[in-house]
Amino acid sequence: MITTTIAHSRVYGTVARLSDQHPWAKATLRQHGFEWSHSLKAFTAPGTRSWPFDHYRFARLTRELRRCGFPVKVVVDNAQPDTDPITDALTELFDLAYAVQHLGAALAHDMLTRPGQVTAERIKEAREAVEAAHERAEQIEMRPGVYEQPEMTEVWHILTRGAMAVGLCPF
């Protein structure tokens, strides 16, 4: 018997997990607005992370699954967490991206205004710092729920601009 567990928290939003793979259950979840989350390895309902659980929005889904013989378990936790790991990760990523952008802009400015004082060692150090920031950003992005956030496009855009300013290839 395939069980569907729909859990809601203020950190990850509304998440649906299937106990086993079934194409009809997956199609039904997608039909009711769920999308596959690669980092959570479950179906998520976009836009539900910062709001309380909406029983009316998911009542038709649970009714349809139960009518077709799929047991559904609904777990709701509407408590506001003390810290939000996804928001903290995004803040860390933006801080990292803006630091890389600032480093690239400073190096580019120095190369234009005083090219004789910019040494090869300084350029090498800037490139190593940007590469280290890129590796750290990839580590943070692997945390559950971070990859799917729409802000990630802007983070990678800023990181790429900083990398290109120090002479690295785009990420």
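Side notes on the structure shown:
- Ellipticity estimate at 222 nm from DSSP helix runs (n ≥ 4, -39,500 (n - 2.57)) divided over the chain, nearest 500: -17500 deg cm²/dmol
- Residue-normalised accessible area of the chain, given per residue in Å² at a 1.4 Å probe: 60
- Only Lys, Arg (+1) and Asp, Glu (-1) charged, at Cβ; the range 53-99 dipole about Cα centre in debye: 780
- Karplus-derived HN-Hα couplings along the range 137-153 (A = 6.51, B = -1.76, C = 1.60, θ = phi - 60°), whole Hz, x at Gly and Pro: 5, 5, 5, 5, 5, 6, 5, x, x, 7, 4, 7, 5, x, 5, 4, 4
- Amide H contacts of T48: T14, each under 5 Å away and 5 or more positions distant or on a separate chain (H built 1.01 Å from N in the peptide plane; Pro and chain starts excluded).
- Here's the list of aspartates and glutamates a cross-link from K73 could span, going by alpha-carbon distance under 16 Å and ignoring same-chain residues fewer than 8 apart: D20, D54, E64.
- Two-site label geometry, D20 and E125: point separation in nm, points 7 Å out along Cα→Cβ: 6.1
- Each residue was assigned an accessible area with a 1.4 Å probe, and for H22 the value is about 60 Å².
- Note on K41: lysines with a C-alpha under 16 Å away, same-chain residues under 8 apart excluded, are K26.
- Heavy-atom accessible surface of the range 105-171: percent carbon and sulfur, 1.4 Å: 57
- Karplus-based coupling profile of the range 102-112, in residue order and whole Hz: 5, 4, x, 5, 5, 5, 4, 5, 5, 5, 7, with θ = phi - 60° in 6.51 cos²θ - 1.76 cosθ + 1.60 and x standing for Gly or Pro.
- The range 72-163: relative contact order as a whole-number percent, Cα under 8 Å and 6+ apart: 49
- For S19, the accessible surface of its heavy atoms amounts to roughly 80 Å² (probe 1.4 Å, protein chains only, rounded to the nearest 10).
- When the range 97-171 is described by a simple charge dipole with +1 on each Lys and Arg Cβ and -1 on each Asp and Glu Cβ, the residue from T160, G104, Q139 located farthest towards its positive end is G104.
- Electrostatic dipole magnitude of the range 44-171 [Cβ: Lys, Arg +1; Asp, Glu -1; Cα centre; debye, to 20]: 660
- Solvent-accessible area assigned to carbon and sulfur over the range 1-60 amounts to 54 percent, based on a 1.4 Å probe.
- With both residues required to sit in the chain, DSSP beta bridges show an antiparallel share near 65%.
The values are calculated or read from the model by the stated rules, or taken from the named source; none is laboratory data. Here the structure is a predicted model, which means the values were calculated and not measured. Here Cβ is always computed from backbone atoms with ideal geometry, including for glycine, and neighbour counts include all displayed protein chains. For the accessible areas, the whole protein counts, side chains as well, though only heavy atoms, and no ligand, DNA or RNA atoms are used. Shrake-Rupley method; radii C 1.70, N 1.55, O 1.52, S 1.80 Å.
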